[in-house]
Amino acid sequence: MSDTRELIIIGGGPAGYTAALYAARANLQPLVIEGFNWGGQLMVTSDVENYPGYADGVMGPEMMAEFRRQAERFGAEFITDDVTRVDFSEQPHRVWVENDEYPARAVIIATGANARWLGLPREQHYQGRGLSACATCDGAFFKEKELVVVGGGDSAMEEANFLTRYATKVTVVHRRDEFRASQIMLDRARANPKIDFVTNAVVEDILGETKVEGVRLRDTRTDETSELHTDGVFVAIGHDPNTALFVDQLDHDAAGYLVTRPHSTETNIPGVFAAGDVQDHVYRQAVTAAGSGCMAALDAERFLAALEGHAGTALTAPRAEAAEV
């Protein structure tokens, strides 16, 4: 067993790396167990144009590498492996990577969430080439284009309405003729002249060699297939938080997202904090994840400052908080 650390951060994405940056600057020497798939969903995002500070845009992987490098500059340590087990039942909390145990007084969980995809054979090939799961992130790339939104819930209706700001036409494809969306969201989509609906249909394949050029639809009642031209496909069938390791010990909602206290990143267990998409199923943006990573680091620092023997730099006074940017 390793020596007990002040702070372990589980997950490497905008939330985890921002938490690492703030924690490292507070002299906490955080250990970041970033996972094999470090960088989160931005690693499969080509151009990021809506993150402040990148006026000309930036490639998602490049931005995550810069986040990581900045945290490392101030002393954050990294393990590029997956956490396999945790025990938050006592202090210090314990985190395992296979047989290696890492105890820590505080833990920040920033493991993110994954968009649900359609499960098509070449789906990964089209990501960044016309296939997306985030209209807010990628909608601006489709000006004067025709688009397809797959889904039948509030998220699908919201995405479709948002995309009409850019697209000439948006077709909502849903596997049933009844929608899970709330009536107000459905009415709003139906009232939008740019939105069409294809019901009782599923996307069976995406067409196009190097980019999305259309979809093959299958009628769920007759099994007949048809092709629909589109310049882009937005999948809006939900997200799954990466919380399987934690739900037996931490409070979570029905969808598995970790629950934090109001105006805080604290979970139900003292010394365990959650940041980013792992606890946010509303905004799901890189900038909001980074912001909550900052919050988690400050919350963890204050928690540690109250423990005997803590060596970090407390940021509890309003004057000190105001100095941080």
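Per-structure values
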read-out: Mean Cα-pair separation over length for region 117-235, i.e. relative contact order, pairs under 8 Å, 6 or more apart, %; value: 31
read-out: Under 20 Å from the residue 62 label point (7 Å along Cα→beta-carbon), backbone N, region 114-154; value: 127-130, 137-142
read-out: Answer label, with Kirkwood radius over Cα pairs in Å calculated from the coordinates and candidates (i) 18.5; (ii) 21.1; (iii) 20.4; value: (ii)
read-out: Burial order of peptide ranges 176-183, 234-241, 290-297, 106-113 (average beta-carbon count within 10 Å, highest first); value: 106-113, 290-297, 234-241, 176-183
read-out: Counting DSSP beta bridges with both ends in the chain, the antiparallel % (nearest 5); value: 45
read-out: Partnerless Cys - the chain, beta-carbon criterion under 4.7 Å; value: 294
read-out: Estimated inter-spin distance, residue 192 and residue 73, nm [label 7 Å along Cα→Cβ]; value: 4.0
read-out: Net charge over other residues, Cβ less than 15 angstrom from the Cβ of residue 247 (K, R count +1; D, E count -1); value: -4
read-out: Positive-pole candidate from 86, 290, 75, dipole of the chain, charges at beta carbon; value: 290
read-out: Length-normalised contact order of the chain in % [C-alpha pairs under 8 Å, at least 6 apart]; value: 20
read-out: Choice from 221, 116, 175 showing the highest fluctuation, given a GNM over the chain with Cα pairs closer than 10 Å; value: 221
read-out: Packing rank of 149-162, 132-145, where each peptide gets the mean count of other beta carbons within 10 Å, highest leading; value: 149-162, 132-145
read-out: Within region 117-235: Cβ-based charge dipole about Cα centre, in debye rounded to nearest 20 (Lys, Arg +1; Asp, Glu -1); value: 260
read-out: Magnitude of the charge dipole, the chain, Cβ model with Lys/Arg +1 and Asp/Glu -1, debye to 20; value: 660
read-out: Within the chain, helix-based [θ] at 222 nm, where runs of 4 or more DSSP H residues each add -39,500 (n - 2.57), nearest 500; value: -7000 deg cm²/dmol
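Where a number appears in this text, it was derived from the coordinates with a stated rule and is not lab data. Predicted model, so just to flag it, every value in this text is computed and none were measured. As a convention, Cβ positions derive from the backbone with ideal geometry for all residues, glycine included, and neighbour counts pool all protein chains shown.
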